Amino acid sequence: MHRHAHDNEPYQLQFAVESLPFCTGCHAPEADPVQPSDALTSLGVGCVSCHVVGNEILARGRGGPHETLPLSSMGAGAVCNSCHEFPFPDASFVENRHALMQSTVSEHRASRLSDTDCATCHMPQVGIGAKRHRDHRFAASRSPGILERAIEVDGPTFDGERWTLRLRARRVGHAFPTGDMFRQLTLRVEVVDARDHVVQGWHRVLKRHFGFRQRPNSTPRLIETRDDRLGTPGAPDAIVVVPDMLPPGGRIRHRLTYDRVADPRIPSESRYHGRITLHDGELPIGGPSSTTASEVRASSETSPSRSW
């Protein structure tokens, strides 16, 4: 994934809107950020981006023509830090000049897994014997299995009046999701009748929420209105839905997804550039509560719904 940091489609869509040297500095660090060449931007984040510090090479000690430093010299994520935590490029545009555009390093430092370095989860050991090495695919945020293990889902339950689902961060050393502002968790809940027609629907998005503050005689400034990602103080303890309609023979179904939004300003389904289902299921209306989600068909993305 680092190899494609500069040429992947979601990034290129946003880079076409805001072609800043600031972006190139992390997504193609071997290129000149002001006048980047195609040859160097095509490297994305290359081997030397992490393994060469000054004139020294960080590598596993196997001998060879180059003097090397042990990989432990990288520190507990020190090589990762500069590209995974940074302020907004234009502080004058932000209400809080010290606000972070990405805050993964600080989130990790405050987490219960702060003693675990980044590579443990993002570069697991693979291979056998002399060929054992760390996986360099960095596939965590695109691996359904890893994403599912990052959260704990309790429920859903339905007591005849309230539908309840509890979500918690589990095996993850930072807020979930973390990283760029285009990642979010989306929970969709629908009431369907006996003929599988959607009669009522809701959706809830967990992410960093931003807005603008207008002060007299000044330009609007960006502010973070709330952060309800899992693992943050603003995360909900439980998500509760109280349906107005309970059709006989109907069901309440849900789908929790990890989404990448290509452009949050586009109010349509075309704005999504990646979606992984983390949990889905259904409960009968009028039946016993269940904490085991059953497999269901993907709900229609054009169903009538409201947010809460």
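The values are calculated or read from the model by the stated rules, or taken from the named source; none is laboratory data. Because the structure is a prediction, the values reported are computed rather than measured. For neighbour counting, all protein chains shown are included, and Cβ atoms are generated from backbone atoms with ideal geometry for every residue, glycine included.
Restricting to the stretch 212-251, and then to whatever is in a strand (DSSP E or B), in contact with an Asp or Glu (Cβ under 8 Å, 6 or more places away or on another chain) and not basic (K, R), can you tell me which residue is farthest from V172 (Cα to Cα)?
Step one: list which residues in the stretch 212-251 are in a strand (DSSP E or B), which gives 212-213, 221-227, 230, 239-241, 251.
Filter once more, so that each one left must be in contact with an Asp or Glu (Cβ under 8 Å, 6 or more places away or on another chain): 213, 221-223, 251.
Now narrow it down to the ones that are not basic (K, R): 222-223.
Working: L222: 28, I223: 26 Å.
Among those residues, the one meeting the criterion is L222.
Looking at (1) in contact with a helix residue (DSSP H, G or I) (Cβ under 8 Å, 6 or more places away or on another chain); (2) under 25 Å from S103 (Cβ atoms); (3) modelled with pLDDT of 90 or more; (4) not in a helix (DSSP H, G or I), which is the one condition that is false for A76?
Going through (1) in contact with a helix residue (DSSP H, G or I) (Cβ under 8 Å, 6 or more places away or on another chain); (2) under 25 Å from S103 (Cβ atoms); (3) modelled with pLDDT of 90 or more; (4) not in a helix (DSSP H, G or I) one by one, A76 breaks only (3).
Does any residue of the stretch 154-163 turn out to be in contact (Cβ under 8 Å) with a residue 24 or more places away in the chain and in contact with a Lys or Arg (Cβ under 6 Å, 6 or more places away or on another chain)? Steps first, answer last, please.
Of all residues in the stretch 154-163, those in contact (Cβ under 8 Å) with a residue 24 or more places away in the chain come to 154-163.
Checking which are in contact with a Lys or Arg (Cβ under 6 Å, 6 or more places away or on another chain) leaves us with 154-155.
Yes: the stretch 154-163 contains one or more residues that are in contact (Cβ under 8 Å) with a residue 24 or more places away in the chain and in contact with a Lys or Arg (Cβ under 6 Å, 6 or more places away or on another chain).
So which residues in the stretch 205-218 are at negative phi, without any contact (Cβ under 8 Å) to a residue 60 or more places away in the chain and not basic (K, R)?
L206, H209, F210, G211, F212, Q214, P216, S218
Here's a check for you: in the stretch 187-230, which residue that is β-branched (V, I, T) and surrounded by fewer than 19 Cβ atoms within 10 Å (Cβ to Cβ) is farthest from Q14 (Cα to Cα)? Walk me through how you get there before you give the answer.
Here is the first cut: in the stretch 187-230, the ones β-branched (V, I, T) are 189, 191-192, 198-199, 205, 219, 223, 225.
Still in the running and surrounded by fewer than 19 Cβ atoms within 10 Å (Cβ to Cβ): 198-199, 205, 219, 223, 225.
Working: V198: 35, V199: 36, V205: 21, T219: 23, I223: 20, T225: 23 Å.
Applying the filter and picking the extreme gives V199.
Got a sec? Which of T120, T104 is free of Cβ contacts under 8 Å to residues at least 40 places away in the same chain and either crowded, with 17+ Cβ neighbours inside 10 Å or within 24 Å of L58 (Cβ to Cβ) (or both)? Outline the logic, then answer.
Details: T104 fails: free of Cβ contacts under 8 Å to residues at least 40 places away in the same chain.
Matching residue, one of T120, T104: T120.
Looking only at the stretch 231-262, count every residue that is buried (at least 16 other Cβ atoms within 10 Å of the Cβ) and under 27 Å from the mean Cα position of the chain (by Cα) and tell me the total. So that I can check it myself, show each step before the final result.
The initial filter retains those residues of the stretch 231-262 that are buried (at least 16 other Cβ atoms within 10 Å of the Cβ), namely 231-232, 235, 239, 241, 243, 246-247, 250-262.
From what's left, under 27 Å from the mean Cα position of the chain (by Cα): 231-232, 235, 239, 241, 252-262.
Residues in the stretch 231-262 being buried (at least 16 other Cβ atoms within 10 Å of the Cβ) and under 27 Å from the mean Cα position of the chain (by Cα): 16 in total.
Can you work out which of the residues in the stretch 26-57 that are part of a helix (DSSP H, G or I) and without any contact (Cβ under 8 Å) to a residue 24 or more places away in the chain is surrounded by the most Cβ atoms within 10 Å (Cβ to Cβ)? Give the steps one after another, and end with the answer.
Step one: filter the stretch 26-57 for residues part of a helix (DSSP H, G or I), giving 26-27, 38-41, 47-51.
With without any contact (Cβ under 8 Å) to a residue 24 or more places away in the chain added as a condition, the list becomes 27, 38-40, 47-48, 51.
On the way: H27: 23, D38: 10, A39: 9, L40: 16, C47: 14, V48: 12, H51: 16.
The extreme case among them is H27.
Looking at the stretch 98-113, which of its residues are farther than 18 Å from A235 by Cβ and touching a His at 6+ places or on another chain (Cβ under 8 Å)?
Listed by number, the residues that qualify are Q102, V105.
With respect to D154, determine if the residue is surrounded by fewer than 16 Cβ atoms within 10 Å (Cβ to Cβ) and in the same structural domain as D280 (by TED's automatic domain parsing). I'd like the intermediate steps shown before the answer.
Working: surrounded by fewer than 16 Cβ atoms within 10 Å (Cβ to Cβ): yes; in the same structural domain as D280 (by TED's automatic domain parsing): yes.
Yes; evaluated as a whole, the condition is true for this residue.
Please determine whether any residue of the stretch 202-214 is over 30 Å from E161 (Cβ atoms) and in contact with a helix residue (DSSP H, G or I) (Cβ under 8 Å, 6 or more places away or on another chain). Full working, then the answer.
Pass one, the stretch 202-214, residues over 30 Å from E161 (Cβ atoms): 208, 210-214.
Imposing the further condition that a residue be in contact with a helix residue (DSSP H, G or I) (Cβ under 8 Å, 6 or more places away or on another chain) reduces the set to none.
So far as the stretch 202-214 goes, no, none of its residues is over 30 Å from E161 (Cβ atoms) and in contact with a helix residue (DSSP H, G or I) (Cβ under 8 Å, 6 or more places away or on another chain).
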